[in-house]
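None of the figures in this text is laboratory data; all of them are computed from the coordinates on show. Nothing here was measured: the structure is a model prediction, and the numbers come from that model. Heads up, the Cβs are rebuilt from the backbone with ideal geometry, glycines too, and the neighbour counts pull from every protein chain shown.
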Amino acid sequence: MAVEKIADGVVVSIAYVLKVDGQEVERADADDPIEYLHGAANIVPGLEEALNGRAVGDKFSVTVAPEDGYGPYDKTEVERIPRKDIPGVEQLKRGMMVEMEDDEGYIYEATVMEITKDSVVLDFNHTLAGKTLNFDVEVVGLREADEEEIAHGHAHSEDWDEDDDDWDDDDEDSDDDVDRRN
């Protein structure tokens, strides 16, 4: 049965342009759209809500408030860390994105805000936290999710390898940047 409208459990392909303060910050073109599982919190909530009930060919614009995007900017997510605790600290530059691992093995991205002789200030907020997001969107494809996609909570692309336990962006050239912090 062909899927006609976006609903939970549907794999959706969208092309979009994301602008913040009038500047383009991200894009996925119709010939290389992002694909996500609707209802599985794979994209920012405000965009997912705006896509409910849409059909292939629909084009629309939506403004997503920070609360429905990457969340408000949280000053408590800015931390001063001793230089000795940061591997490769000599290569760091202000504005760089770095990955840090916590005691439980979780990986977090952070922006280098300041480097001193004793410490590094890292901002663990998403780079778009606190920002109003302006999307121009086109729905380019819909299909039913298979059982494995539903179980895994995300769409599988052509590059999906079910034997790869750590499937991530390194396994495919993905523009899956619409949501990374849900």
Exercise. Can you give me the relative contact order of the stretch 1-113 as a percent, contacts being Cα pairs under 8 Å and 6 or more apart?
Worked result: 18
Exercise. Most mobile of Ile43, Ile14, Ile115 per a Gaussian network model of the chain (Cα springs, under 10 Å)?
Worked result: Ile115
Seminar exercise, completed: Summing -39500 (n - 2.57) over every DSSP H run of at least 4 residues in the chain and dividing by its residue count gives a helix-only mean residue ellipticity at 222 nm, to the nearest 500 deg cm²/dmol, of -1500 deg cm²/dmol
Problem set entry | Environment charge of Arg83, counting only residues whose C-beta is closer than 15 Å and scoring Lys/Arg +1, Asp/Glu -1 | 0
Exercise. Which of the pairs Lys84/Lys131; Lys93/Lys117; Lys5/Lys131 have their Cα atoms more than 23 Å apart in this structure?
Worked result: Lys84/Lys131; Lys5/Lys131
For this session: Compare Pro66, Pro87, Pro45 in a GNM of the chain, Cα atoms joined below 10 Å, and give the one with the largest fluctuation.
Result: Pro87
Seminar exercise, completed: If one builds a Gaussian network model of the chain from Cα atoms under 10 Å apart, the most fluctuating residue listed among Val78, Val139, Val11 is Val78
